[in-house]
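Down below is the structure, laid out as structure tokens.
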């Protein structure tokens, strides 16, 4: 699996990534964007990484800068159903300072190529909260289409947010001429 672009590459999550992931779970704005209410310990994250590495229904990857190998985020292809040819997607940058620079877009484009060309899936779905407008714009830019809304599905920071369901199909991916 060679997943790299001009500025980033994707590699398997390793237990040694746990301190970086733990730190990202403390970023209040990232927590809000992802709807993360729980707090975690280093042991919990190490155990989580160990467990997911044994789960054949998912692929968990670190997003790393090519220039210095710094892990700047992570993404997961979840709930892979080979028979139904579908899966889910989750992505998060390690801090808000890393957003808006195009790294997430690059990572998603790499994973779309992998999902549709290597795994031969037909559908990739994600959920995003309505207050995460930057994320929604990114998903739309790479070809995801809004399919539905779970109204006021999240109560966080004293406010309700909708949960938006988005997907991209293999035919949508193929029609993105000039992007890939």
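Rule-based calculations on the coordinates, nothing more; no lab input. Please read all numbers here as calculations on a predicted model, not as lab measurements. Glycine also receives a Cβ, built like all others from the backbone with ideal geometry; neighbour counts cover every protein chain displayed.
Worth pointing out:
- Between residue 117 and residue 152, the contour length at 0.36 nm per residue exceeds the Cα-Cα span by 9.0 nm.
- Contact order for segment 3-175, expressed relative to its length and based on alpha carbon pairs under 8 Å spaced 6+ residues apart, stands at 20 percent.
- Sequence ranges 125-137, 45-57, ranked by mean other-Cβ count within 10 angstrom, highest first: 125-137, 45-57
- MRE, 222 nm, helices only [DSSP H, n ≥ 4, -39500 (n - 2.57), over the chain, to nearest 500]: -8000 deg cm²/dmol
- Label-point separation in nm, residue 97 to residue 42, each point 7 Å along Cα→Cβ: 2.1 nm
- Taking 0.36 nm per residue of separation and subtracting the Cα-Cα distance, full extension of the segment from residue 176 to residue 133 would add 13.3 nm.
- Per-residue Cβ neighbour rank within 10 angstrom, fewest leading, 163, 106: 163, 106
- Options (i) 11.4; (ii) 12.5; (iii) 10.3 - which one matches mean projected area of the Cα convex hull in nm² as calculated here: (iii)
- Listing 66, 85 from fewest to most neighbouring C-beta atoms within 10 Å gives 66, 85.
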